[in-house]
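Okay, so here's the structure we're looking at.
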Amino acid sequence: MQFPHFFVPRAGGGLLIAAVAIFHIMIAHFAVGTGLFNAVSETVARRRGDTALREFLRTHTRFLILLSFVAGAVSGVGIWLTTAIVSPSAISTLIHQFMWGWATEWVFFIVEIAAGYVYYYGWDRLDPRTHEIVGWIYAASAWLSLFVINGILTFMLTPGAWLSEHDFWLGFFNPTMLPSLLIRTVSCVSLAAIFAVIIASVDKKLDRDERGRIVRYAGLWLMSMVLMLPLSLWYFVMVPAKSRDLVFGGAVPMTMFFVFGLIASTILGLYAWFGVVRRSHDVNLPTALTMLAVSAIATGSLEFVREGIRKPFVISGYMYSNSILKTDVPELNRTGILAKARWVVPQGADPRTATPQDRGRWVFDAECAQCHTMDGFNAMRPLVKGWSRPLIDMSLSRLDEMKYFMPPFVGSDAERRDLGVYLDMLDGVENVPPRPESPPQKEPPQRRRQP
Amino acid sequence: MNPSFIPAADPLGIPAPAELLQVLLIATFAIHFAFLGAALGGALLVTLTGLIGRGNSLGRAAIAARILARPLPVVISFAITSGVAPLLFVQVLYGSFFYTSNVLMGFRWLALLLLLLVGFYGSYYMASRFKTRGMKPGQRILVAALVALAFGAIALTLVTNHLLSVHPSEWRDVQAGTMSAYSLPTLWPRWAHALVGTGVMGSMLLAHMSLRRAACADERAMSVARVGLVLAGLFGTAQILAGAHYLFALPEGFRVLLLSLQHPAAIAWGVAAFCAVLGSLLALVASSASSPRPLAWISTVLFSLTLVGMAWGREQLRLFHIESLIPADAWTHQPQVSPIVLFGVSTVAGIAALVWMIRVYMRSAPPAHD
């Protein structure tokens, strides 16, 4: 609200963050999981004298370097860039509260990257014992990096006692921190196992028996996916009651994605035993890629639920998803939102002399545009199509009561009426100047309904 | 600028005294810039030496291109990783300004992602092609030029964003589209200054990589190391000239403060300029010394001090522009003692792990040969 708004045509800022985040999470989980997978597997390989497994780990690490160290690092920066541009107030809160956590995570990240390179480039240079230690340093630093980030991410849904104390540790060790950490750890090792199966399927240096042995070994790791069911249930027991209700029937999309996620995870876990471990010679590249796709569905679904049940907040109980602080609402209701959201008013314009629809549009930009586009994802125009003016007014005045995921309307009564005028005009487009992301209307304007 | 357009400070306050955060910002920015400079300067030099040596694969220029191309992916990786810390500290200290300029830059700011991907994957491709000589020389040079172009554009975006953040008076015009962010005062001299500076870092990277090979009695590598040192000296000299050009593009008030030695930035940039002159001279002397290694290291230390001085001066210039506009309560601090201790302990443990790993790696085997 206090910052200028960044319009992402059609998609909206939220979708942009989600796309970058899901991409990054998949790669970051793979990086953490591969650390654990490789460290344990190298130790196993050395003790068993399994040279094929050890050689395979080299290929696995090369893939880690090319995928995770490049696309993972860049998409990690991408999350910073997109959140800073789409939701600066929210990221500002997280950074001001958890700066030292993030700085600590950065140290782990640097060690992780350095260890990864020494591990890979030192494959033929370091003695086996030293190489193994470097592998464990990589595994530990990567997992510790996840540990820190997980505490900050879970804080957004369950800040717990932080809301009253604003204490770092209360926010970090919040109610969902531990179950989420275990869920993510399972997700990490599963992804590492799936990629191990993919790489084993295409690694031409492996003969049939070696490939079968490695695929079976990776399958044992993948079986951890069956833990997703009990861990997810534990997680959802710990979320606020209102959020839990959404998952368990209160919001159909949330329930569906939750069920998708759990079913996909459980199927993968069971398939790991019946399909991968027991019939390892039958696993080929298409099978492995299908497992990756199912895993992506599981991860994407559960991340969607995690994001969705936080609404109407971006930080539960503290900041609404449109970046308005809960504590600021009474003041903004008194002064009006345009008194604070200066950026939405174009240069040279004056809210006092502007038309109601212009003011309404500015209120929309200040309060709604962070989540809603005009004609694309989560679009406003089709949403209010066919709504009468009284229905719009009534909805705006009881927004948070009528829709569980919406924040309350914030601003003066006059501003609410102006927003109502603007939304009402969306149906009869002749008086509404095109929004930045909307193409010029070619259709003849429809006749407006009378209230 | 109407101060009401400057977003209010975050109500949570900052988690440590501002002075501590400023020191951390300067230190981590200098480290980040060292890697970023080596990446960009390295890519530029690979392009240049590749171009010169394209007709003779055993000549010094071609060898220099091969030596320099190989470590660039790792250097770029650390350039990205090390950039996270200053990004963190700048958000805490100057979030109201930084976020606003991010949003105003819009898709140009997000384009960093694409540029990073192109530059990073390009560097891996380039390194593997130079190692195996798997492409025609002209194609290898094109890839190197693409990497250099990507990182040059990244540097331009970062400089533009920084400048926009310290010029709130231009924000509304940039938002309205009546002014381009690329017409901000001092943008081009500043970018040119940074660009020439990266040449020094790329040259020193070449010199040190070659000296490491030369330790195994590789005469060609020693010859390339000398070329690297000469280039570092020349780029260092050019950087001093570019710095003087930038100095005269600065706002007059700030320039007067600098030249009258009445500002901390005068000390910072004075030290930086002195170290740059001395570092360049020593690099040139080292290039013709019978044993160039000690002088090359002293020169590297001096160039590093130059970087720290420049980073310090940069912060002073930022404050010159916006100190009076920083919201009064922005730097109210709520110290978080135990998290600071955690960070300190992690840093010490992390440095110990890094030193140990680098040591065992460097001692493990002689450097690889072509």
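Only the coordinates and a few stated rules stand behind these numbers; no lab work does. This structure is a prediction, so every number in the text was calculated from the model and none was measured. Cβ: placed from backbone, ideal geometry, glycine included. Neighbour counts: every protein chain shown.
DSSP H helices in chain A with Cα extent of 24 Å or more along the helix axis and mean Kyte-Doolittle hydropathy at least -1.0?
Once both thresholds are applied, what remains is A:13-48, A:88-121, A:128-157, A:177-202, A:252-271, A:285-308.
Specify the angular offset, from 0 to 90 degrees and rounded to the nearest 10, of the alpha carbon long axis of helix B:293-322 from the longest principal axis of the alpha carbons in chain B.
20 degrees
Amide H of A:GLY336 versus every other amide H placed in the peptide plane: which residues, excluding those fewer than 5 positions away on the same chain, fall under 5 Å?
Amide H neighbours of A:GLY336: A:SER412.
For the range A:1-52 and the range B:301-370, write down the distance between their C-alpha centroids in whole Å.
25 Å
For B:THR81, B:THR49, what ranking results if the residue with the fewest other Cβ atoms within 10 Å of its Cβ goes first?
By the 10 Å Cβ count, ascending: B:THR81, B:THR49.
Please label the shape of chain A as rounded, prolate or oblate, based on the square roots a ≥ b ≥ c of the eigenvalues of the alpha-carbon gyration tensor (a/c under 1.5 means rounded; beyond that, a/b larger than b/c means prolate, else oblate).
prolate
Please arrange A:VAL134, A:VAL32 by how many other C-beta atoms lie within 10 Å of their C-beta, fewest to most.
A:VAL134, A:VAL32
So what's the back-of-envelope 222 nm ellipticity for the protein assembly as shown, counting only DSSP H runs of four-plus at -39500 (n - 2.57) apiece and dividing by all residues, rounded to 500?
About -24000 deg cm²/dmol.
Average partner chain C-beta neighbours within 10 Å, per residue of B:94-106?
Mean shielding by partner chains, rounded to a whole number: 5.
Can you list the HN-Hα couplings for the range B:33-38, worked out from phi with the Karplus curve (6.51, -1.76, 1.60; θ = phi - 60°), rounded to whole Hz and with x for Gly and Pro?
My calculation for the range B:33-38 gives 5, 4, 5, 4, x, 5 Hz in order.
Helix B:187-214 against the longest principal axis of chain B: what's the angle in degrees, Cα atoms only, rounded to the nearest 10?
The answer is roughly 30 degrees.
Can you give me the long-range amide H partners of B:ILE14? Hydrogens built in the peptide plane at 1.01 Å from N, cutoff under 5 Å, separation of 5 or more residues or another chain.
B:THR332, B:HIS333, B:GLN334
Mean separation of Cα pairs under 8 Å and 6+ residues apart, divided by the residue count of the range A:176-295: what relative contact order is that in percent?
38 percent
Per-residue HN-Hα couplings for the range A:343-355, Karplus 6.51 cos²θ - 1.76 cosθ + 1.60 at θ = phi - 60°, whole Hz, x for Gly and Pro?
Values, residue by residue: 5, 6, 8, x, 4, x, 8, 10, x, 5, 10, 6, 6 Hz.
Does the range B:172-248 come out rounded, prolate or oblate, given a ≥ b ≥ c as the square roots of the eigenvalues of its C-alpha gyration tensor, rounded meaning a/c under 1.5 and, failing that, prolate meaning a/b above b/c?
Since a/c reaches 1.5 and a/b is larger than b/c, the shape of the range B:172-248 is classed as prolate.
Would you mind telling me which residue in B:LEU156, B:LEU261, B:LEU93 has the biggest mean-square fluctuation in a Gaussian network model of chain B, where springs connect alpha carbons within a distance under 10 angstrom?
The residue that fluctuates most here is B:LEU261.
Using Cβ contacts closer than 10 Å as the measure, can you line up A:LEU157, B:LEU58 from fewest to most?
B:LEU58, A:LEU157
State whether chain B is rounded, prolate or oblate according to the following rule on the C-alpha gyration tensor (a ≥ b ≥ c being the square roots of its eigenvalues): a/c under 1.5 gives rounded; otherwise a/b larger than b/c gives prolate, and the remaining case gives oblate.
prolate
Normalised by the number of residues in chain A, what is the relative contact order in percent for Cα pairs under 8 Å and 6+ residues apart?
Relative contact order for chain A comes out at 18 percent.
Work from the charge dipole of chain A (Cβ charges, +1 for Lys and Arg, -1 for Asp and Glu, about the Cα centre) and give the residue of A:PHE147, A:ALA192, A:ALA272 farthest towards its positive end.
Value computed over the given set: A:ALA272.
Under the definition of partner shielding as Cβ atoms of other protein chains within 10 Å of a residue Cβ, what is the mean value for peptide B:9-21?
Taking all residues of B:9-21 together, the mean is 3.
For the range B:247-255, in order, what is each residue's ³J(HN,Hα) by Karplus, 6.51 cos²θ - 1.76 cosθ + 1.60 with θ = phi - 60°, in whole Hz (x at glycine and Pro)?
For the range B:247-255, the Karplus-derived couplings read 4, 7, 8, 5, x, 4, x, 6, 4 Hz, x marking Gly and Pro.
For chain B, take the longest principal axis of its alpha carbons; what is the angle in degrees between that and the long axis of helix B:264-287, to the nearest 10 within 0 to 90?
0 degrees
Cross-chain or 8 or more residues apart, Cα under 23 Å: how many lysine pairs in the protein assembly as shown fit that? Count them up, please.
Summing the qualifying lysine pairs gives 11.
Please report the relative contact order for the range B:21-169, taking Cα pairs under 8 Å with a sequence separation of at least 6, and give it as a percent rounded to a whole number.
32 percent
Could you work out the local net charge near A:THR130, counting Lys and Arg as +1, Asp and Glu as -1, over the other residues with Cβ closer than 15 Å to its Cβ?
Summing Lys and Arg as +1 and Asp and Glu as -1 gives +2.
Over all residues in B:353-362, what is the mean tally of Cβ atoms on other chains that come within 10 Å of each residue's Cβ?
6
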